[in-house]
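Here the structure comes first, spelled out in structure tokens, and everything after it is commentary.
The values are calculated or read from the model by the stated rules, or taken from the named source; none is laboratory data. Keep in mind the model is a prediction, meaning the values are calculated, not measured. All Cβ positions, even for glycine, are placed from backbone atoms using ideal geometry, and neighbour counts span all protein chains on display. Each accessible area value is taken on the protein alone, full model and side chains, heavy atoms only, with ligands, DNA and RNA left out. Shrake-Rupley method; radii C 1.70, N 1.55, O 1.52, S 1.80 Å.
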Amino acid sequence: MGYPHPIHPGETPVLSKHFGEAEARTFAGWRERGGYEGLRKALAMAPEAVIEEIKASGLRGRGGAGFPTGLKWSFMPKGDGKPHYLVCNADESEPGTFKDREIMRWTPHALIEGCALAAYAIGAERCYIYIRGEFTEPWTVMSRAVAEAYAEGALGDNVFGTGRKIHVTLHRGAGAYICGEETALMNSIEGRRGNPRIKPPFPAVAGLFGMPTTINNVETLAATPHIITHGAAWYKSLCLGNPKSTGTKLISVCGHVLRPGNYELTMGTPMRTLIYDMCGGMLPGRTLKAVIPGGSSVPIMTAEEADRCLLDYEGVVEQGSMLGSAGMIVMDDSTDMVYQIWRLARFYAHESCAQCTQCREGTAWTTRILERILAGKGKEEDFQLLLDLSEQMTGKTICVLSDSCAAPIVSGIQKFRGEFDAYMNGARQPALAGA
Ligand SMILES: Cc1cc2nc3c(=O)[nH]c(=O)nc-3n(C[C@H](O)[C@H](O)[C@H](O)COP(=O)(O)O)c2cc1C
Ligand code: SF4
């Protein structure tokens, strides 16, 4: 739903159906809305059967990579005698993405239920929910809901009288984007510096505290009780033709549209419908220039690509970008693309954990070169230098923060070269002093 706008008829509200309803935040209110049915049903099934149902639904991770959720759960070892952990990634710090915080603000029990269900399926007795440090209201709402869930027997040593032990611990981050990367997040929970770890070993083998761990995004986990309640076939049927991308997706839309907000769409909905129908179109007198569809870390799309794009994992790739976490930044013809790309590079340079040379040096130098171009002091060879640096920053580092910085730079140069030229040849006044 486009909260605070009413639900648009073109939306498919599953996760967002009760956004804006204060009563849905309470245990009793959530129960009245069908809450905790999925968990009860799952607890009556064998853990393997729960995993099979999630696999059959086609649910893919909503944190960015789109990895199949049931398959990820099935990687957890069985009968190993070790403690298993579930971690919920509620760090949500990607520029442009603001969906998970709405799930936590309005439907905290949906997330708690999803966490308990997933913990049961993977054999974990404890789940950590890692919440972005700046999320003051979601933190308060989640703290209250967790206490209520314990009081009502939905969490604890004997969940709903089944003898199952499921505990949830909330952990508050300190405001670092890199702590959203799964292994950096685990280091952070352990009290270490939030540096990504080299993989392998993958979390299912050695994750939190060195134990088998599954990590999932808030939206991923919140979807699972609906799947168990209504069945995998129902969830699979929520797609407009592409069976590889099923279910609904919360899309955060920001930028130059009339009605920015969160919209929940059936996978495969045209981007055009979202921008021009649900979001009310571009600001008056303006036309679409570009879209960054997946949060800031994916290639930029031109207006033509956006016009052809179907919003599902494969549809966005077909138009040269990625769905990522589906934070859509919409830019109109007043946008200075060179300035925006510089602003993104500066963000990544600031957030790099600095372990990898290509990332530490690459994000810093690309920012400096873009600054030089914006100051009107760019040189023709800067294009090749930026592309060479981006090449070095892609696919060679411990995590993909480095690739994320390179993606908008490379696509920006390829698709909006004229705007760089205008700074080079003096057709455009410098936007920055100095450099
Ligand atoms: C730099 C960086 C930041 C990330 N930030 C987040 C985040 O805030 N939330 C999230 O769910 N995933 C984030 N991810 C992806 C996680 O590493 C991980 O893939 C995800 O939590 C897995 O959950 P899913 O399978 O449910 O998508 C980030 C990845 C990178 C490289
Ligand atoms: S790519 Fe960057 S953020 Fe990721 S581990 Fe290396 S230095 Fe750190």
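Structural remarks
- Candidate set: segment 363-385, residues that are among the charged types (D, E, K, R) and assigned to a helix (DSSP H, G or I); chosen: the one nearest to R343 (Cα to Cα): E371
- Selection status of D388, in a helix (DSSP H, G or I), more than 16 Å from ligand 1 (Cβ to nearest atom), without any contact (Cβ under 8 Å) to a residue 40 or more places away in the chain and open to solvent by 60 Å² or more (accessible area, probe 1.4 Å): yes
- 1 or more residues open to solvent by 10 Å² or more (accessible area, probe 1.4 Å) and farther than 23 Å from P408 by Cβ: qualifying strands (runs of 3 or more DSSP E) within segment 242-308: 261-266
- Of the residues making up segment 203-233, those that are farther than 28 Å from I292 by Cα and either not in a helix (DSSP H, G or I) or not assigned by TED's automatic domain parsing to the domain that holds P108 (or both) are P203, A204, V205, A206, G207, M211, P212, T213, T214, G231.
- Filter result for A364 (small (G, A, S), open to solvent by 20 Å² or more (accessible area, probe 1.4 Å) and closer than 26 Å to C179 by Cα): yes
- Within segment 392-420, restricting attention to residues that are open to solvent by 20 Å² or more (accessible area, probe 1.4 Å), in contact with a Ser or Thr (Cβ under 6 Å, 6 or more places away or on another chain) and not hydrophobic (A, V, I, L, M, F, W, C), the residue that is farthest from ligand 2 (Cβ to nearest atom) is K415.
- Subset of segment 272-300 [at positive phi, in contact (Cβ under 8 Å) with a residue 12 or more places away in the chain and more than 20 Å from the chain's Cα centre (by Cα)]: G280, G281
- Filter result (in a helix (DSSP H, G or I) and within 12 Å of ligand 1 (Cβ to nearest atom)) within segment 350-362: E351, C359
- Filter result (under 20 Å from T136 (Cβ atoms), more than 10 Å from ligand 1 (Cβ to nearest atom) and either of a type in the set (S, T, N, Q) or modelled with pLDDT of 95 or more (or both)) within segment 169-188: T169, L170, H171, R172, S188
- When residues of segment 90-121 are limited to those that are within 16 Å of ligand 2 (Cβ to nearest atom) and within 11 Å of R132 (Cβ to Cβ), the one modelled with the highest pLDDT: D91
- Here is the figure for segment 325-351: residues that are within 16 Å of ligand 2 (Cβ to nearest atom) and open to solvent by 20 Å² or more (accessible area, probe 1.4 Å) total 6.
- Subset of segment 50-96 [open to solvent by less than 20 Å² (accessible area, probe 1.4 Å) and either in a helix (DSSP H, G or I) or outside the structural domain of I166 (by TED's automatic domain parsing) (or both)]: V50, I51, I54, S57, T69, G70, W73
- Any chance N187 is among the polar types (S, T, N, Q), within 16 Å of ligand 2 (Cβ to nearest atom) and surrounded by fewer than 23 Cβ atoms within 10 Å (Cβ to Cβ): yes
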